[in-house]
Structure formats: structure tokens, C-alpha cells
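This report refers to the structure that appears directly beneath it.
Laboratory data are not the source of any read-out in this text; all were calculated from the coordinates shown. Computed from a predicted model, the values in this text were never measured in an experiment. Here the Cβ positions follow ideal geometry from the backbone for every residue, glycine too, while neighbour counts run over all protein chains shown.
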Amino acid sequence: MKNLSLTIIFVTLLFQSCMKGDEVNECSGICTEEFRTITIEIIDSEGNPVALDSFRVINTANGNELNLRINESEFQYLRENGTYPIFSDLFSGEFRQREITINFKGFIDEVEVVSSNYEVGADCCHVYYISGELELQIEL
């Protein structure tokens with residue numbers, strides 16, 4: 001009986017530690033140390049990677065651009081592979097426990113050559129993909 005009482009007290013304390021005000025915190029408190037990034041691949045009609053000159057990712061709810069913090073050497077690698085980030089763990093705190101729609105726009109010679117919407121979200125630790133075409137074929 002004493003063990004049962006201790007178990008009940010422990011479980012009660014465990015649930016109370018997950019409470020924030022009147023709101024239940026759905027986080028387990030344990031996150032992996034990996035850094036997740038959702039990427040898309042852009043190819044031409046022959047299956048070759050498309051090297052964009054620039055791209056933008058916009059939160060469609062408010063029109064704000066999401067800054068993915070890519071340096072020049074990283075951008076060169078992305079261009080060579082036709083693979084571009086659309087959402088990363090940089091935003092897991094800002095969009096925690098939410099799902100949003102974002103729009104990816106790609107440009108060559110300042111002309112928009114691709115635009116595609118994505119549904120993404122973030123849990124307590126990481127971002128996740130919901131919907132949208134992850135491989136885009138465009139005509140150049």
C-alpha cells in the first residue's frame with residue numbers, strides 16, 4: 001500500500017511538472033540534438049539540378065520572410081545540387097506547437113521561375129513537413 005501511495009504521488013508530481021498555468025505542456029522535455037531542415041529539390045525537364053540565383057521563403061499568414069541564414073559557400077553547394085531549404089529548426093521556437101503555410105519563390109536573373117506552397121509545423125523540439133511538392137520540375 002505504501003508503494004501504491006508513493007506511485008500516485010510521483011505520477012501526480014510528474015503531471016504537475018508538465019503544466020504551465022492552466023495549459024498542459026505537450027512536450028516530453030527530451031529532444032534529440034540533431035538539427036532538422038526541410039528541403040526541396042528543383043530540377044529541369046532533363047532531371048538536372050536547377051541553380052537559382054536567389055530564393056525567398058515567406059510566411060503566408062503575415063507576409064514575413066523567413067531568414068534561413070545561409071552563407072555564400074552553403075548557397076553555392078545548394079545551387080550545385082538544386083536543393084534548397086524551406087524550413088529549419090531555427091524556427092522551432094517561434095512556431096512551437098503550430099502549423100503554418102509557407103511559400104517558396106525561386107529566381108533566376110531576377111525573374112521568378114518557381115513558386116510553391118508548403119504546410120510545415122514545429123513541435124517542442126523540431127520542425128516537420130506536412131504537405132507540398134518536395135521535388136519540383138521546372139522549364140527553363
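Each other residue within a Cβ distance under 10 Å of Cys125 adds +1 if Lys or Arg and -1 if Asp or Glu, for a net charge of -2. Give me the net charge for the shell around Ser92: Cβ to Cβ below 11 angstrom, other residues only, Lys and Arg +1, Asp and Glu -1. Computed value for this residue: 0. Would you please classify the overall shape of region 30-137 from the alpha carbon gyration tensor, given that a ≥ b ≥ c denote the square roots of the eigenvalues, rounded means a/c under 1.5, and beyond that prolate means a/b larger than b/c while oblate covers the rest? Because a/c hits 1.5 or more and a/b exceeds b/c, region 30-137 counts as prolate. Around Ala61, with a cut-off of 14 angstrom between Cβ atoms, what is the net charge of the other residues, counting Lys and Arg +1 and Asp and Glu -1? Taking every other residue near Ala61 into account, the sum is -3.
From most to least packed by mean Cβ count within 10 Å, the peptides 64-76, 100-112 give 100-112, 64-76.
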